[in-house]
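Structure first, commentary second.
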Amino acid sequence: MKLKTGLFLLFVVWYSASIGQTVKHFAGKINMENDAHLYYNNATCDSAEEFFYNPEGIHWDKKGNMWITEKNKIRLYYNKRFYNRAGFLGDGDMSQSYQNGTGIGGSGTGAGFYKPTAIVSDDNGVLYIVDSENHAIRQMDAFSLTSQQQKVTTLAGSLPITGNQGQPGTANGSGTNARFDTPKGMVRDADGNMYVTEFWNYTIRKITSTNVVTTLAGNIGVSGTKDGTATGAEFGGPYGIAQLDANWLVVSDHDNYSIRKVHMTTGEVVTICGNSSDQNHVDGSFATARFRNPKGIAVVAGKIYVCDLNIIRVIDLNAKTVSTFAGSMMATGNQDGTGTDARFTNLVGMAYDGKISLYVTDHEYNVIKKVTINDLAPTVDFSASKRTAVVDVDVITLKNQSTGQPSTSLKWTITPITYQIMSGSTSSPQLDIKFNATGFYHINLNVVNAFGVGNSYKSNYISVSTIGIQEVHNSTSFGVYPNPSNGQYTLQSLNGNFSIQAYSITDLSGKLLHTKTCSNTLEESFDLGIYQAGFYLLSVKSSTGVRHIKLQKI
């Protein structure tokens, strides 16, 4: 096996706080890399009981099953359990080989691998595996049942030769007539084409849906840093690969400490960020950002996520920035946590589950971690322009204040339904409403985006007072003048028909401010001068009952 050398810097010149992403242990019993060959699990078991030996590639198929490449095996995570589906059982150092066959190797008819890295699947569940040290692309039957034997064949690259290993080479061609030299990453497009990073040939290879292998970009056998088109471009050691959009791929150029993009049709190569002469951890703009050991890569909602040794970086193409997403530049380890509180040591593979999480493999501790992207699914919240002592003259504005990716739909639910919409609708981010009944109103907001559903329900969120509402109206038996007033009011029985037995004044929250028992008078005066401007409720008792009048102090 060839070795590459490079400057391994032990210091950091820039430190950037990470976004608060949630990192949790997903699978694997912790065992350090140096001792990993002592701990391997050959049995079907729960995720908490599984030992891995250098897990690398991760892939989620269309049915929601997770596939993992290990040093000599292909694992399946199905119904919350792990299964060995192909490759030799036992210690990965002792049983790496190249063998086509059905199911578990070692019996003469099973399949064998030598450091498989990436794995992808098609819509039918057929699996395609980068068998890195065998310099081949393998194909495995779709999974249906745990009792099934999945057949493994060679799709492209070398067939087994002497010593049960593949042969490296540089040839383009069809299927097994083509040759690779240490392929690493792979991605499959919607048309069935696959794109492979080739570490020691310094190229990006394309495998068509008819298994024809061509060189898309890079100069075979020439290591370099040049941007350009097709063979006019150079790579230093391409590793991870993902589809950026309908036209471009994105590649981690490991030995150039940079992130490149490659046009899927023309082979044009453009460096996004990083510097081949500066191996480091530095956050910042595209011009100043630096990478240390970029490998696994994924694209989610237009942002690029990269495994960079002991941290996960995020590249924002719109802002043209690189920042630390999870983990600490300053420390290594194996620790769950949020943002920079989490610890990784030697991150290699990365996969997006199609929902809100990334999964990464750590070679040092031989574990798989789940990293939730907290700003994808909706976190629902809303506000109201006024919440207490609302009256019929008030128009209340409800605003969606949810975080996460843009919503595909939202819906307001307001109960009871005694309100009217002044502008907007129950599916608008902003809604203006007026109430026509007293009491407490419950507000619920449901938000949906491409990554999930969020909901927020707030009980008794808005309280509506009795002033001016339909059930509480100005009486024709009594009058107040002047109204509005600066504080001095006169309450008078209209036409002397009904005498005043008592009256009280409350604010809109229901707090009693003043009360008086009268001797069946026809006129009373009172002063609200000590109170602030606003609306108040005057309740007048007479022989006909209680009447309510809305007062306004200016």
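The values are calculated or read from the model by the stated rules, or taken from the named source; none is laboratory data. All values reported here derive from a predicted model rather than from experimental measurement. Virtual Cβ from ideal backbone geometry, glycine too; neighbours counted across all protein chains shown. Side chains included, ligands, DNA and RNA excluded: accessible areas come from the protein's heavy atoms. Shrake-Rupley method; radii C 1.70, N 1.55, O 1.52, S 1.80 Å.
Tally up the residues in segment 210-236 that are aliphatic (A, V, I, L, M), more than 12 Å from Phe199 (Cα to Cα) and part of a loop (DSSP other than H, G, I, E, B), please.
Within segment 210-236, the first condition is being aliphatic (A, V, I, L, M), and the residues that meet it are 212-213, 216-217, 220, 222, 230, 233.
From what's left, more than 12 Å from Phe199 (Cα to Cα): 212-213, 216-217, 230, 233.
Among the residues that remain, those that are also part of a loop (DSSP other than H, G, I, E, B) are: 233.
Selection size over segment 210-236: 1.
What number goes with the only condition from (1) buried (at least 24 other Cβ atoms within 10 Å of the Cβ); (2) at negative phi that Tyr202 does not pass?
(2)
Conditions tested, residue by residue: (1) within 22 Å of Thr379 (Cβ to Cβ); (2) at pLDDT below 80; (3) assigned to a strand (DSSP E or B).
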{"residue": "Leu431", "(1), (2), (3)": "yes, no, yes"}
{"residue": "Lys434", "(1), (2), (3)": "no, no, yes"}
{"residue": "Ala437", "(1), (2), (3)": "no, no, no"}
{"residue": "His442", "(1), (2), (3)": "yes, no, yes"}
{"residue": "Val447", "(1), (2), (3)": "yes, no, yes"}
{"residue": "Val472", "(1), (2), (3)": "no, yes, no"}
{"residue": "Thr476", "(1), (2), (3)": "no, yes, no"}
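Filter segment 104-155 for residues that are of a type in the set (S, T, N, Q), assigned to a loop (DSSP other than H, G, I, E, B) and open to solvent by 10 Å² or more (accessible area, probe 1.4 Å) and give the result. If you could, list the steps in order and put the result at the bottom.
Initial filter on segment 104-155 (of a type in the set (S, T, N, Q)): 107, 109, 117, 121, 124, 132, 134, 139, 144, 146-150, 153-154.
When the remaining residues are screened for being assigned to a loop (DSSP other than H, G, I, E, B), the result is 107, 109, 124, 144, 146-150.
Within segment 104-155, Ser107, Thr109, Asn124, Ser144, Thr146, Ser147, Gln148, Gln149 qualify.
Considering only residues that are aliphatic (A, V, I, L, M) and in a loop (DSSP other than H, G, I, E, B), which ones fall in segment 186-206?
Across segment 186-206, the qualifying residue is only Ala190.
Go through segment 230-246 and report how many residues are out of contact with any Lys or Arg (no Cβ under 8 Å at 6 or more places or on another chain), in contact (Cβ under 8 Å) with a residue 24 or more places away in the chain, open to solvent by 20 Å² or more (accessible area, probe 1.4 Å) and among the aliphatic types (A, V, I, L, M).
Looking only at that region, the number is 1.
Do we find a residue being among the β-branched types (Val, Ile, Thr), within 16 Å of His254 (Cβ to Cβ), touching a Pro at 6+ places or on another chain (Cβ under 9 Å) and modelled with pLDDT of 95 or more anywhere in segment 305-321?
Scanning segment 305-321, I find at least one residue that is among the β-branched types (Val, Ile, Thr), within 16 Å of His254 (Cβ to Cβ), touching a Pro at 6+ places or on another chain (Cβ under 9 Å) and modelled with pLDDT of 95 or more, so the answer is yes.
Step by step: first the residues of segment 393-420, then only those that are open to solvent by 40 Å² or more (accessible area, probe 1.4 Å) and in contact (Cβ under 8 Å) with a residue 60 or more places away in the chain, then the one that is farthest from the chain's Cα centre (by Cα). Which residue is that?
Taking segment 393-420 first, the residues open to solvent by 40 Å² or more (accessible area, probe 1.4 Å) are 393, 395, 399-401, 403, 405-409, 411, 413, 415-420.
Of the ones still in play, those that are also in contact (Cβ under 8 Å) with a residue 60 or more places away in the chain are 393, 405.
On the way: Val393: 43, Gln405: 9 Å.
The selected residue is Val393.
What is the residue count in segment 213-253 for residues that are under 13 Å from Thr271 (Cα atoms), of a type in the set (Val, Ile, Thr) and in contact with a Ser or Thr (Cβ under 8 Å, 6 or more places away or on another chain)?
3
With a cut-off of at least 1 residues that are surrounded by fewer than 18 Cβ atoms within 10 Å (Cβ to Cβ) and in contact (Cβ under 8 Å) with a residue 60 or more places away in the chain, name the strands (runs of 3 or more DSSP E) lying wholly within segment 277-366.
Correct list: 321-326.
Can you tell me which of Arg260, Arg179 is more than 30 Å from Ser97 (Cα to Cα), crowded, with 16+ Cβ neighbours inside 10 Å and of a type in the set (Lys, Arg)? Reasoning before the result, please.
Details: Arg179 fails: more than 30 Å from Ser97 (Cα to Cα).
Step by step, each of Arg260, Arg179 is checked, and only Arg260 is more than 30 Å from Ser97 (Cα to Cα), crowded, with 16+ Cβ neighbours inside 10 Å and of a type in the set (Lys, Arg).
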